[in-house]
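The values are calculated or read from the model by the stated rules, or taken from the named source; none is laboratory data. Everything quoted here is computed from the prediction, not taken from an experiment. Glycine gets a Cβ as well: all are built from the backbone with ideal geometry, and neighbour counts include every protein chain shown. Quick note on the areas: whole protein, heavy atoms, side chains included, nothing else; ligands and nucleic acids left out. Shrake-Rupley method; radii C 1.70, N 1.55, O 1.52, S 1.80 Å.
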Amino acid sequence: MNWAKPIGILLAAMPTLLWADAYSEKVLADKPVAYWRFTEAKSPVVKSAVGEFKAQLNQALPPGPRPLFYPEFSADNKSISFDGTGQFLGVADPGKGSALDFAKGDSITLEAWVAPKSGVAAGQFMYIIGKGRTFRKGFPRDNQNYALRLVNVKGGVGLSFLFRNAANTEWHRWTTNGVLGPGEWHHVALTYTFGKGASVRGYIDGQPTDGVWDMGGQSDTAPWTDDDELRIGASQPNASGIPFNGRI
């Protein structure tokens, strides 16, 4: 698979094109693989605005980014809240070679609006989105195809991108030097082409940030790929799932 497959992650809700605001139109123009928003979500099953991917929803929805500070969003835009105990949205993988699977040569884009409730303690992470490492029966424990997290770095909270190599013997982790600025909501994004270690790029609040491969080093290796779930908010339903604390 040598074609780019960007995943746009914006959790706030979109049932049909009738809901579309200016920001939604920009994201959809990039033709993402999956795009979750929650403005009009009323069902326990929340369907992606594109594709057939569904996430399980089990809570009330607080406000997301809204005007006046975020003028491209609708006035009733909503987010999803996580309390740091291991809540998550689980998305089933349709099967081998699905749009959620990323192999060597595939390009991935992960992005989200985040409002962490507090800072991230030293040595800890907050899971935004990732595939694998769910500890589900029938899958290896370290089967991380990809993951985007918040992490404590010098000066504040930065981004962490993680994947496991195809041989399932080594982690590769890239951490930004840049940090979240002041304010409630922050836009974070990361792009990477698997097999091209130098291709990684991070963005915080619209500004590019450099970073370092601080585990496993830069590598052109292929990632681990299987049919485990994609999850938003935590990789596992407990503290070991490095749960998010705040809103996405």
Using a 1.4 Å probe, what is the accessible area per residue for the stretch 144-248, in Å²? 37
Please enumerate, by chain and number, the lysines with C-alpha under 23 Å from the C-alpha of K26, excluding those fewer than 8 residues away in the same chain. K5, K47, K54, K78
Long-range amide H partners of I80, meaning residues 5 or more apart or on another chain whose placed amide H is closer than 5 Å, are I248
Zone of S240's modelled label, taken as backbone nitrogen in the stretch 117-133 under 20 Å from a point 7 Å along Cα→Cβ: 123-133
Per residue, how large is the accessible surface of the stretch 86-133? Use a 1.4 angstrom probe and give square angstrom. 36
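Rounded, prolate or oblate: which fits the stretch 130-206, taking a ≥ b ≥ c as square roots of the Cα gyration tensor eigenvalues, rounded meaning a/c under 1.5, else prolate when a/b beats b/c?
prolate
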Tell me the label-point distance for the pair D210, E170, using the 7 Å Cα-to-Cβ offset, in nm and rounded to one decimal. 2.4
Apply the Debye scattering formula to the chain, with a single equal point scatterer on each alpha-carbon and no solvent, then give log10 I(q)/I(0) at q = 0.08, 0.09 Å⁻¹. -0.27, -0.34
Be a star and scan the stretch 189-229 for residues whose amide nitrogen sits under 20 Å from the point 7 Å along the Cα-to-Cβ vector of V45. 228-229
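For the stretch 188-227, which whole percent of the accessible surface, found with a 1.4 angstrom probe, sits on carbon and sulfur atoms?
That share works out to 50 percent.
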About its Cα centre, how strong a charge dipole does the stretch 95-211 have in debye, to the nearest 20, once Lys and Arg get +1 and Asp and Glu get -1 at the Cβ? 500
Choice from G90, G202, G156 showing the highest fluctuation, given a GNM over the chain with Cα pairs closer than 10 Å: G156
How much length would be gained if the chain were fully extended between K104 and T85, taking 0.36 nm per residue of separation minus their Cα-Cα distance, in nm to one decimal? 3.5 nm
